[in-house]
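Data block below; observations after.
Bear in mind these aren't lab numbers, they're just calculated from the coordinates by the rules spelled out. None of the values given here were measured: they were computed from a predicted structure. A quick note on method: Cβ atoms are made from the backbone with ideal geometry, for glycine too, and the neighbour counts reach across all protein chains shown.
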Amino acid sequence: MIDLALDIMSWILLTVGGACVLIGGIGGLRLPNFYTRIHAASLTDTMATLLIFVGIILQSGFTLASLKLFAIMLFLLLTGPTATYALANAALLSGLKPGPGRSGLKPDAGTAKDKTKENAPE
Amino acid sequence: MIYIFALFLLTLLVITAVAIVRTEDLFVSVILTSIFSLLMAINFFILDAADVALTEAAVGAGVTTVIFLCALALTGDQEKPQKEGQNRGQKVALVVVGFLALLIIYSTFDNPRLGDPDAPVHQHVAPWYLEKTPEYMDFPNVVTAILSSFRGYDTLGEVFVVFAACIGVLFILGVSPPRKSLQVSVRKSGLRHHLIPQVVGRLLIPFIVLFGLYTQFHGEYGPGGGFQAGALIATGVILYALLEGEAEALRAVPRRVLLGMVVGGALLYGSVGVVCMLMGGSFLDYSVLAADPVWGQQLGILIIEAGVGMAVCGALLSIFHAFAARERLT
C-alpha cells in the first residue's frame, strides 16, 4: 500500500518535472528576447531539478543512492540559479536593456568581450 | 532503451559538430565545444567507461573551455572573414572528407557488434587483465590497474607529454608579464563586485577540491585517478581565480609551486620506477616495493597516481595563468 502511494507520488513528481523541462525548452526557443528566454530556461534549473530529483529519491528509498541524489540536487539548485544570475548580470553589464519585444537580441560587438569574462564561472 | 538514448546523444553530437563548424562567432563555438565534450562524456558513461567520462567532463567541458575563453580574450571573438576565391580549396576538402567518411562507414560493416564479448579486442589481453588484477593488486578497478601498473610505461609517457605541453605553452606565452600590466589586472580582474557568484563559488570550491582528492585516493576502488583528480582540483582553483581575480589565485598557489608540481609529479613517477630497479625489480615493477607484492603494487600505484595528479593539476593551472597573465594585443 505504502509502495503504491510512493510510486504514484514519484510518477506525479517526475511527470510534472518533465513537463517543466519541456516548458523551459519551448520557452527558450519561442520567447522573444534574451531575458525572457533565460527566465524560461531557469525553470529547468530550479523547478524541474527539484521535482525530478525528489521523484527519483522516492523511487530509491532509504539508500546511499538517495543521499547522493540529494547531494547532486543541492549542487544543481545552488549552481543553476547562480549561472542564470551571472548570465543575466553579464548581459545587463554588456549593455543589453531589458524590455518588451525583440529589442536588443544581440549585444553590439564592442561589449561582447566583457560578456566572455563574466560568463566563465559557469 | 539504452540504444535509443545513445542514438539520441550521437545525433545531438553530430548537430553540435556541424554547428561548431558553421558558426562564425568564436565565442559561440567555444561554448558549443564545451557542450560537445559534455555530450561525449555522457556517451562514454553509457558505454560504461566512467573513468574516461570523468576526464572528458572535467578537462573537455571544464578546463579547456576556460582556457579557450582566455585565448579569445586575447585574440577576439569573430572569425576572420573569408576572401573571394578561397572557396576552391573548400570544395576539394569537402570531396576528400566525404570520400573518407564513406570509406569509414563501409569499413564499419566488418566491425563486430557493439559490446560483443567475442570481438578480437576482448580476446587478446583483456581476459588476462581481468583475471590477474584481483590476484596482483587486490582492488576492483581494473582500469586503474591497467593504467598505472600493467601499462605503466604508457602512463609515464603521458605524464611526460603533459609536462612537455606545459613547458611548450609557457615558452610560447612567457611566464612573467611586465609588472605594470599586472597592477592593472589586479584592480580589474575577478568578480568581486558580484556577490552571488562569489558566495556560491566560495561555498563550492572546498567541495570541488575535496571531490578531487576523493577521486585521487579512491581511484583504485571507483572511477577516478590522477588525471581526473588533477583536472578537478585545477577546476576548483580556476573557479577561485575567476571569482577573486587571477592575482589572488596566484597568491594562494604561486607559480613556483605550480612549476614544482609539474616537474615534481613527473619526477616522482620516474623515480618510483628507478627505486623499483634499485630494489631488484624491473622498471615500474611495483611488486618489489614492499615485502608483500600486493602491498607493493598498491603502494606504487598510490604514489604514481599522486605524481600524475600533481603533474596534471600543475600543468593545467600553469597554462591557465600563462593565458590569463597576457595583456590583449591590439
Query raised in the report: What FRET efficiency would be calculated for the residue pair B:Met1, B:Leu210, taking the C-beta separation as r and a Förster radius of 25 Å, to the nearest 0.05?
Result: 0.15
Report summary line: A correct fewest-to-most ranking of A:Ile72, A:Ile57 by other Cβ atoms within 10 Å would be A:Ile72, A:Ile57
Requested in this report: At most 13 other Cβ atoms within 10 Å plus a DSSP loop assignment makes a site exposed; report the longest stretch of chain B without any exposed GluC sites (Glu not before Pro).
Outcome: B:85-326
Requested in this report: Tell me what the protein assembly as shown gives for mean residue ellipticity at 222 nm when only DSSP H runs of n ≥ 4 count, each as -39,500 (n - 2.57), the sum divided by the residue total, rounded to 500 deg cm²/dmol.
Outcome: -24000 deg cm²/dmol
**Report entry** Inter-site label distance for A:Leu29 and B:Tyr106 at 7 Å from Cα along Cβ, in nm
**Finding:** 3.8 nm
Requested in this report: Among B:Val262, B:Val121, B:Ala324, flag the residue with its Cα farthest along the positive direction of the charge dipole of chain B, charges on Cβ as +1 for Lys/Arg and -1 for Asp/Glu.
Outcome: B:Ala324
Requested in this report: Could I get the Rg over Rh figure for the protein assembly as shown? Both from C-alpha atoms, Rh via Kirkwood, rounded to two places.
Outcome: 0.99
Query - Cβ-defined net charge surrounding B:Gly152, 14 Å radius [Lys, Arg +1; Asp, Glu -1] - result: -3
Report summary line: With B:Phe44 itself left out, Lys, Arg at +1 and Asp, Glu at -1 over residues whose Cβ is under 12 Å from its Cβ give -3
Query raised in the report: Three principal axis extents, largest first, for the C-alpha atoms of the stretch A:2-97, in Å?
Result: 54, 25, 12
Requested in this report: Please identify which residues in the stretch B:198-225 have an amide N closer than 18 Å to a label point set 7 Å out from the Cα of A:Ala65, following the Cα→Cβ vector.
Outcome: B:223
Query raised in the report: How big, in percent, is the set of alpha carbon pairs in chain B lying more than 29 Å apart?
Result: 50 percent
Report summary line: Pseudo-spin-label distance B:Leu10 to A:Leu92, built 7 Å along Cα→Cβ, given in nm, is 4.5 nm
Query raised in the report: If we count every other residue with Cβ under 15 angstrom of B:Ser318's Cβ, Lys/Arg +1 and Asp/Glu -1, where does the sum land?
Result: +2
